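The values are calculated or read from the model by the stated rules, or taken from the named source; none is laboratory data. Because the structure is a prediction, the values reported are computed rather than measured. Here the Cβ positions follow ideal geometry from the backbone for every residue, glycine too, while neighbour counts run over all protein chains shown. What goes into the accessible areas is simple: the full protein's heavy atoms, side chains included, and nothing from ligands, DNA or RNA. Shrake-Rupley method; radii C 1.70, N 1.55, O 1.52, S 1.80 Å.
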Amino acid sequence: MSRIIFTTLLAASLVVLTVSAQAAQPFTPERLAEAQRADHGIVIDVTAPWCPTCKAQRPVIAGLENDHPQLVVLEIDFDTSKDLLKKFGVQYQSTLIVFKGSNEVGRSTGVSDPVAVTDLIKKAL
């Protein structure tokens, strides 16, 4: 019995490590420029730890990251990055800005419906 529990815990740990490896990166101008030069699909995710809509968006975004390794997700913290909010014209958390290379191809705020979030992000792929 203890061998089954150990194997289950080991498998769960590997899943967590795999998902963590695909996690969004903090926004930097350098990361954005690199992704744009490579003509990748890019999602700028303006998020806040206290935001329930952001929490609802995250599993959908993570699933697309795992399915599309060329998708680059860059997070901007709504509470601490006011200069970036101004630069991107963002007024609210739970804003997603989608780029295909250097072209903005879509934007949404407050959308948590998985189909709508997926459709928005797929514009970049």
Flag if ASN66 is open to solvent by 30 Å² or more (accessible area, probe 1.4 Å) and closer than 21 Å to GLU30 by Cα: no
In the range 2-27, which residues are exposed (fewer than 11 other Cβ atoms within 10 Å of the Cβ) and at pLDDT 95 or above? PRO26
Any hit, the range 99-106, residues being over 21 Å from LEU125 (Cβ atoms) and either among the charged types (D, E, K, R) or surrounded by fewer than 17 Cβ atoms within 10 Å (Cβ to Cβ) (or both): no
Working only within the range 107-125, note down all residues that are open to solvent by less than 10 Å² (accessible area, probe 1.4 Å) and under 24 Å from GLU30 (Cα atoms). ILE121, ALA124
